[in-house]
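K.L.:
What follows is a structure written as structure tokens; I'll ask about it next.
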């Protein structure tokens, strides 16, 4: 038995000296100390020995086992240190080598446009408020005076999540939320994303951005609306910009209008951008409908207000001469970098 143990110990020393990686050392550990290893089998066979032999032999086997475990630990540590040194050599950094110049990014043109528009209205005393993109049917349609048979409610136009929950089709629900929790005077804008069931093409996208504006106080008139939007147009497109209001219909405003600005490319003379008319449509607006004010619990005999909404993509396309809305969403850096 002692000769066999000495042989196993010497063999372990010899094999571990030759081992160059963790796999070889692990293979030797399993062969000697595993469930079916040589030392394990010797320990299992000790039951056949007499009590005197079992004691002396057990001490000898445990001594050899302890020596082999120590040698294995030393070998594993040696292999780890060598692997670490090799990794350091491979990953060594030459600190004297010139660094790489970081590539500067650029703000997305829609972000730039939204910030420019917001800055103009903030300079006129407007505050920014936001609302969720997942909205209730009540806030998106009912509270905004949209009739139950309004075509915008159709599933062909609106992304419904449940019967009563949808992806907002406009930023106007923020108008409702503001009226419900804030008392006049109110003077806010609400930029954000909107969603509609549109097939993507050069002028349509299922996701787009709007900026809604709302002013409510005593004595607010259509003249205030026209003055505000005229000032906005001049600050955004230039001091010579003219505005034109055309009658229109929106369920949440009465009276309602669409606003055109004189073409900032040709100065109103007529060109490709304005399709020869000299005017470009940029937004819809109107006096807040009394039914919408009532949702906020306001006295419609005391308070009046106006609201407006403009599409950010449309303004960006006009301002930067972009002829396809899909370019804003393709994340092509060659396109984005032009707006640095």
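The values are calculated or read from the model by the stated rules, or taken from the named source; none is laboratory data. Just so it is clear, the structure is predicted and the values come from calculations on it, not from any experiment. Here the Cβ positions follow ideal geometry from the backbone for every residue, glycine too, while neighbour counts run over all protein chains shown.
K.L.:
Can you confirm whether region 27-40 contains a residue that is modelled with pLDDT under 70, part of a loop (DSSP other than H, G, I, E, B) and within 60 Å of the chain's Cα centre (by Cα)?
P.N.:
yes
K.L.:
Is it true that some residue in region 311-318 is under 30 Å from residue 181 (Cβ atoms), within 36 Å of the chain's Cα centre (by Cα), assigned to a strand (DSSP E or B) and in the same structural domain as residue 123 (by TED's automatic domain parsing)?
P.N.:
Looking for residues that are under 30 Å from residue 181 (Cβ atoms), within 36 Å of the chain's Cα centre (by Cα), assigned to a strand (DSSP E or B) and in the same structural domain as residue 123 (by TED's automatic domain parsing), one finds at least one in region 311-318, hence yes.
K.L.:
Same structure again: For region 212-230, name all the residues that are farther than 19 Å from residue 152 by Cβ and either touching a helix residue (DSSP H, G or I) at 6+ places or on another chain (Cβ under 8 Å) or without any contact (Cβ under 8 Å) to a residue 24 or more places away in the chain (or both).
P.N.:
Pass one, region 212-230, residues farther than 19 Å from residue 152 by Cβ: 213-230.
Result: 213, 214, 215, 216, 223, 226, 227, 230.
K.L.:
So in region 251-290, with the set limited to residues that are out of contact with any helix residue (DSSP H, G or I) (no Cβ under 9 Å at 6 or more places or on another chain) and assigned to a strand (DSSP E or B), which one is farthest from residue 185 (Cα to Cα)?
P.N.:
279
K.L.:
Sort out for me the helices (runs of 4 or more DSSP H) sitting completely within region 107-191 that have 1 or more residues that are within 22 Å of the chain's Cα centre (by Cα) and closer than 25 Å to residue 320 by Cα. Steps first, answer last, please.
P.N.:
Details: elements: 109-122, 137-140, 173-181.
Once the helices (runs of 4 or more DSSP H) in region 107-191 are filtered for at least 1 residues that are within 22 Å of the chain's Cα centre (by Cα) and closer than 25 Å to residue 320 by Cα, what remains is 109-122.
K.L.:
Is it true that residue 99 is farther than 30 Å from residue 161 by Cβ and either at pLDDT below 95 or outside any helix (DSSP H, G or I) (or both)?
P.N.:
Details: farther than 30 Å from residue 161 by Cβ: yes; either at pLDDT below 95 or outside any helix (DSSP H, G or I) (or both): yes.
Yes: the conditions hold for residue 99.
K.L.:
Shifting gears a bit: Just checking, does region 291-300 include any residue being free of Cβ contacts under 8 Å to residues at least 40 places away in the same chain and in a helix (DSSP H, G or I)?
P.N.:
Scanning region 291-300 turns up at least one residue that is free of Cβ contacts under 8 Å to residues at least 40 places away in the same chain and in a helix (DSSP H, G or I).
K.L.:
Scanning for something surrounded by 14 or more Cβ atoms within 10 Å (Cβ to Cβ) and assigned to a loop (DSSP other than H, G, I, E, B), does region 222-233 turn up at least one residue? Break it down stepwise before answering.
P.N.:
Initially, region 222-233 is screened for residues surrounded by 14 or more Cβ atoms within 10 Å (Cβ to Cβ), giving 222, 224-226, 228-233.
Remaining after also requiring assigned to a loop (DSSP other than H, G, I, E, B): none.
Checked region 222-233: no residue is surrounded by 14 or more Cβ atoms within 10 Å (Cβ to Cβ) and assigned to a loop (DSSP other than H, G, I, E, B).
K.L.:
Looking only at region 249-264, count every residue that is farther than 18 Å from residue 230 by Cα and without any contact (Cβ under 8 Å) to a residue 40 or more places away in the chain and tell me the total.
P.N.:
Going through region 249-264 one residue at a time, the tally reaches 3.
K.L.:
In addition: Please indicate, with yes or no, whether at least one residue in region 273-289 is farther than 22 Å from residue 120 by Cβ and at pLDDT 95 or above.
P.N.:
Yes, region 273-289 contains at least one residue that is farther than 22 Å from residue 120 by Cβ and at pLDDT 95 or above.
K.L.:
Just to be sure before I move on: is residue 103 closer than 30 Å to residue 173 by Cα and not assigned by TED's automatic domain parsing to the domain that holds residue 12 in the structure I sent?
P.N.:
Answer is no for this residue.
K.L.:
Still on this structure, please answer the following. Let me spell it out: the conditions are (1) in a helix (DSSP H, G or I); (2) under 22 Å from residue 190 (Cβ atoms); (3) under 32 Å from the mean Cα position of the chain (by Cα), and residue 335 meets all of them except one. Which number is the exception?
P.N.:
Among (1) in a helix (DSSP H, G or I); (2) under 22 Å from residue 190 (Cβ atoms); (3) under 32 Å from the mean Cα position of the chain (by Cα), the lone unmet condition for residue 335 is (2).
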